[in-house]
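The values are calculated or read from the model by the stated rules, or taken from the named source; none is laboratory data. What you see is a predicted model, and the numbers here were worked out from it, not measured in a lab. Note that we place each Cβ from the backbone using ideal geometry, even for glycine, and neighbour counts take in every protein chain shown.
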Amino acid sequence: MEVQNDIQQQIFDAIKLKLEPGEKLSSMMMDQLHLSQDAAYRRLRGDVPLTIYETKTLCELYGLSFDDYGKLQKGRVQFTYNPLDRIGLNFETYLTGLRDGLREAKNLPDVRLIMSINDTPIFQLFNLPHLTRFKFFFWAKTYLKIPAYADQKFKREKIDKSVLAVGIEAHNLYNSIPTYEIYSPEALRGTLRQIEYYFDAHLFEDPSYALELIDNLIDLLHHMKAQAESGKKFARGNEPTSGDQNFFMYSNETYIADNTYVVKWDSGSAVYLSHNIMNYLNTMDPYYVTESERILEELQNNSSLISAANAKERNKFFGNIERTVLNFRRKVESELEF
């Protein structure tokens, strides 16, 4: 019965991620499975197992595969991911995917995100949309070799209003969810190296645009520091709102190998791993999730909390990054002047 309840809970957790805002799992089960309220709650509590018909109905309704949940075994993990052709490989669909994922997380009860970050915090980039656009362009042209980008140079242009609206919505969702973020000493340096590569390879339509992106990076640094000081996330140009702390930022002095995101809510957890440059793998396998949570907890314990406290370590963390950025800015200025 314990294994069956575990599988059943996994299916319920997967469905919760797909429910519409405000939609309750119990109400959906009453409607779709023609159950009374009491019968629905008994299944949700695990007192009564789902029947074969009920399991089949729910899996078909929400595009789930029972095989993903019926073979839980240590050492074997099944992941889901979005094939690149579904992402659409354009800036708007990329942002839309991030927004939809955050929207699903926001609808979960008592949700929080725990993440290790080895380079650029993608959600913080929403504060500077042109940096986000540059990252996407770099991935698409230089890493994925998408033909549509083959003969293009990165140029200064306005972001379409509809695209910007998606990014703002995604940013607001991120800001509304409590996050525990563990940063590597390499934070933001990968983005700086990408700007440097495009400048040295003459892949900016206007070389001086490199300076604007560097200034964007400095602005992002200053804004992240302001958020860390207040312990709250807020959009650049605004002030932190009153309320509980929702930004817990940690500095880790060792190398962090990957970007791992754990989504936790009152009855479950899921893990997202960065994959193939701009994609991610997702699983709710209980063994893998438990181990991931344990590793992130150990990483957090070996890191320094630099939000709302520990000003010395916070200044050291941001000061080291800013010096690196400013040194490169002087190089670009010198070469442009020459």
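In table form, for the structure just shown:
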item: Whichever residue in the range 252-270 is aliphatic (A, V, I, L, M) and at pLDDT 90 or above and, among such residues, is farthest from Gly101 (Cα to Cα); result: Val262
item: Boolean, Ala187 is in contact with a strand residue (DSSP E or B) (Cβ under 8 Å, 6 or more places away or on another chain), in the same structural domain as Thr290 (by TED's automatic domain parsing) and in contact (Cβ under 8 Å) with a residue 60 or more places away in the chain; result: yes
item: Close pairs (7 angstrom Cβ cut-off, 6 or more residues apart or separate chains): touching a residue at least 40 places away in the same chain (Cβ under 8 Å) in the range 205-225, hydrophobic (A, V, I, L, M, F, W, C) and exposed (fewer than 15 other Cβ atoms within 10 Å of the Cβ) anywhere; result: Pro207/Leu336; Ser208/Leu336
item: Which numbered condition Ile295 misses (of (1) β-branched (Val, Ile, Thr); (2) surrounded by fewer than 16 Cβ atoms within 10 Å (Cβ to Cβ); (3) farther than 17 Å from Glu181 by Cβ); result: (3)
item: Residue in the range 3-15 that is modelled with pLDDT of 85 or more, exposed (fewer than 15 other Cβ atoms within 10 Å of the Cβ) and either out of contact with any strand residue (DSSP E or B) (no Cβ under 6 Å at 6 or more places or on another chain) or basic (Lys, Arg) (or both) present; result: no
item: Count of the range 38-54 residues which are assigned to a helix (DSSP H, G or I), out of contact with any helix residue (DSSP H, G or I) (no Cβ under 6 Å at 6 or more places or on another chain) and either small (Gly, Ala, Ser) or more than 19 Å from Gly268 (Cα to Cα) (or both); result: 5
item: Of residues in the range 305-338 being farther than 15 Å from Phe199 by Cα and among the hydroxyl-bearing types (Ser, Thr, Tyr), the one nearest to the chain's Cα centre (by Cα); result: Ser307
